[in-house]
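Peer 1: Below: one structure in structure tokens.
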Amino acid sequence: MNLEHASIAMEPGGQAHDAIGAAPMPAHLDPWERRLLADPDLLGDLAFAMGGPFHVMYPARVAHNIRAFHAAFAHAGVHGTIYYGKKANKAACVARACAEHGAGVDVASVGELTAALAQGVRGDELMVTGPAKADDLLWLAARHGSLLAVDDLGELDRLAALASPGAPARVLLRVLPAASASRFGMTSGEIEDALAVCGGHDSLRLEGFSFHLSGYDAVARAELAGALIARCLHARTLGHPATTVSIGGGFGVDYVAAEAATKFTAEVGRQWFHSGKSFDSYYPYHFPAPGAAMLAQILEYEDLARRLRDNAVRLAIEPGRALLAHAGCTVFRVQGSKTRHAHGKPYRLLTVDGTSLSLSEQWFDSEYLPDPLLWPTRPGEVTPTSVGAATCLDSDMLSWRRVPLPRPAEVGDLLIYPNTAGYQMDSNESPFHELPLPPKVVLHDAPGDRFRWTRDS
Ligand SMILES: *Cc1c(COP(=O)(O)O)cnc(C)c1O
């Protein structure tokens with residue numbers, strides 16, 4: 001996983017500040033989201049049809065994100081391959097968009113592998129990652145000609161026994177970065193042993209090396225990619241066809257503008273939160289060079305692009321979150337609305353028809369900060385509003401923060417959390433309270449600037 005929170009530290013207690021309503025954190029909205037919000041009927045009709053919370057996916061935006069990564073490779077003159085990190089969202093429409101637009105998929109289970117195949121991603125377009133993979137997964141991946149990022153020597157031995165010389169397993173060796181405390185990847189000594197194992201088995205074909213770093217640092221990725229080019233050249237001297245370096249995922253997403261993020265960090269304190277709640281850290285919701293722009297930075301750093309070209313090395317990337325940037329949102333219906341007071345000032349405390357599991361940040365003891373949007377839009381008075389879930393847990397809150405909604409929310413209104421497709425939607429959902437899992441609605445462009453929709457399979 002790659003969901004770093006360290007960037008925004010919160011002062012416990014915050015600054016002396018008597019406003020009980022938090023500063024706004026308006027999310028960047030994509031044109032398709034503006035169209036959806038401006039449509040007088042569609043959101044209300046969808047909410048009526050779904051009868052509970054739901055996610056909205058717009059796969060055309062995934063296609064746009066794929067094209068942007070391809071353009072960054074083309075601009076740098078680098079042979080590059082995208083493998084979508086599938087754990088970031090289970091929607092079939094995303095795997096389908098990958099198949100249609102020339103991206104592969106990075107999977108880590110038999111379920112993810114078969115789901116990708118079912119959407120038309122071919123076996124040789126799959127990358128299989130994850131530690132100590134199950135024999136079933138190794139066997140299927142070898143059968144389908146997928147690339148396997150092998151994480152330890154025992155796994156390599158099992159793979160050698162499962163694959164056959166007629167159709168050798170395509171192997172990347174996952175490297176443990178120097179000075180990393182990660183539980184994934186192999187040390188330099190283990191890599192040397194793995195090279196020998198590959199050399200000793202006709203059922204293994206060593207195609208290169210991989211890593212995946214937590215955090216979002218372009219320079220660290222560029223430096224390690226350079227080191228893996230050297231490993232490829234060394235492996236070639238031993239007779240291995242090592243031509244691929246995979247630098248994993250961790251391409252940032254820009255959720256909110258710099259000014260909003262800066263103001264939040266400077267002023268945040270318990271006075272902004274229902275029941276005086278505080279969090280130690282938040283995800284870095286502002287990211288200046290997101291997605292393909294970050295790839296361009298990596299390729300430019302010390303002319304990595306030229307070194308890849310000169311040595312005929314293909315660069316693979318495994319973006320999860322960044323491939324889903326601005327490709328989905330999550331809709332709840334307001335089911336209850338109370339007035340509460342803090343420091344003598346009133347605020348709204350809502351109950352919506354779903355749970356915080358559909359926003360996932362409780363996994364990190366944190367909350368999702370981009371402001372939800374209230375629908376329909378009507379004139380009114382800005383109202384500090386916290387948002388609770390339809391469960392019997394006091395701590396199940398979607399927004400502890402008193403979000404400055406543009407008017408008082410009423411029962412029947414919709415609350416739309418923007419930009420939730422990457423990890424926020426379905427990573428943690430469970431049928432808690434026997435509530436149904438929120439369905440995913442897929443929007444397609446139709447003639448006449450209209451949307452048509454289906455349910456994701
Ligand atoms: C999670 C993961 C990814 C995707 O990471 P993002 O931060 O979503 O881009 C890619 N590769 C590996 C090995 C992963 O574990």
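Peer 1: From the helices alone, meaning DSSP H stretches of at least four residues, give me the mean residue ellipticity at 222 nm for the chain, per-run term -39500 (n - 2.57), in deg cm²/dmol to the nearest 500. Please list the in-between numbers first.
Peer 2: On the way: 12 runs with 131 residues, N = 457.
That calculation yields -8500 deg cm²/dmol at 222 nm.
Peer 1: Quick check: convex hull over the Cα atoms of the stretch 109-150, volume per residue in Å³, rounded to an integer? Before the final figure, lay out each step's value.
Peer 2: Numbers: hull volume 2.3 nm³, N = 42.
Convex hull of Cα atoms, per residue: 54 Å³.
Peer 1: While we're here: Leaving ligands, DNA and RNA out of it, report the carbon-plus-sulfur percent of the accessible area of the stretch 125-184 at a 1.4 Å probe. Provide the component values of the computation, followed by the final result.
Peer 2: Details: 1410 of 2510 Å².
The computed percentage sits at 56.
Peer 1: List the residues whose amide H sits under 5 Å from the amide H of residue 442, counting only those 5 or more places along or on another chain, with H placed 1.01 Å from N in the peptide plane.
Peer 2: 57, 454, 455, 456
Peer 1: For the pairs 87/440; 87/277; 87/133; 86/133, flag any whose C-alpha to C-alpha distance is greater than 19 Å. Mind dumping the intermediate values first?
Peer 2: Working: 87/440 16 Å; 87/277 30 Å; 87/133 15 Å; 86/133 16 Å.
Over 19 Å Cα-Cα: 87/277.
Peer 1: Follow-up. Give me the accessible area of residue 450, 1.4 Å probe, in Å² rounded to the nearest 10.
Peer 2: That residue has around 120 Å² of solvent-accessible surface.
Peer 1: Just read off the accessible area of residue 240 with the full protein assembly in place, 1.4 Å probe, to the nearest 10 Å².
Peer 2: Accessible area of residue 240: about 20 Å².
Peer 1: Using Stokes-Einstein with the Kirkwood hydrodynamic radius over Cα pairs, what translational diffusion coefficient do you get for the chain at 10 °C and a viscosity of 1.306 mPa s, in µm²/s rounded to a whole number? Don't skip to the answer; put the middle values down first.
Peer 2: Numbers: Rh = 23.3 Å.
Rounded to a whole number, D works out at 68 µm²/s.
Peer 1: For the stretch 50-64 and the stretch 308-352, what is the separation of their Cα centres, given in Å?
Peer 2: Comparing the Cα centres of the stretch 50-64 and the stretch 308-352, I get a distance of 13 Å.
Peer 1: At a probe radius of 1.4 Å, what is the per-residue accessible area of residue 113, in Å² to the nearest 10?
Peer 2: Rounded to the nearest 10, that gives 0 Å².
Peer 1: Counting only protein heavy atoms and using a 1.4 Å probe, what share of the accessible area of the stretch 313-422 belongs to carbon plus sulfur, as a whole percent? Mind dumping the intermediate values first?
Peer 2: Details: 2000 of 3670 Å².
Of the solvent-accessible surface of the stretch 313-422, carbon and sulfur hold 54 percent.
Peer 1: Compute the Cα gyration tensor for the stretch 174-261, then decide on rounded, prolate or oblate, letting a ≥ b ≥ c be the square roots of its eigenvalues: rounded whenever a/c is under 1.5, prolate when a/b is larger than b/c in the other cases, and oblate in all that remain. Intermediate results must be reported in sequence, preceding the final value.
Peer 2: Working: a/c = 2.96, a/b = 2.46, b/c = 1.20.
Prolate.
Peer 1: Taking the Cβ-Cβ separation of residue 243 and residue 122 as r and a Förster radius of 22 Å, what is the calculated FRET efficiency to the nearest 0.05? Let's see the in-between values first.
Peer 2: On the way: r = 19 Å, r/R0 = 0.87.
Efficiency computed from Cβ-Cβ geometry: 0.70.
Peer 1: I've got another one for you. Rolling a 1.4 angstrom probe over the protein heavy atoms, how many square angstrom per residue are accessible across the chain? Kindly include the intermediate steps, with their values, before the conclusion.
Peer 2: Numbers: 18480 Å² over 457 residues.
On a per-residue basis, the chain sits at 40 Å².
Peer 1: Moving to a separate point now. Suppose every Lys and Arg Cβ carries +1 and every Asp and Glu Cβ carries -1, with no other charges. What dipole size does the chain come out with about its Cα centre, to the nearest 20 debye?
Peer 2: Dipole size: approximately 640 debye.
Peer 1: Label points 7 Å out from Cα along the Cβ direction at residue 217 and residue 71: separation in nm?
Peer 2: Taking the two extended label points, one gets 3.0 nm.
The values are calculated or read from the model by the stated rules, or taken from the named source; none is laboratory data. For clarity, every value in this text was computed on a predicted model and none was experimentally measured. Ideal geometry is used to build each Cβ from the backbone, glycine not excepted, and the neighbour counts take in all protein chains shown. Note: areas computed on protein heavy atoms with side chains; ligands, DNA, RNA excluded. Shrake-Rupley method; radii C 1.70, N 1.55, O 1.52, S 1.80 Å.
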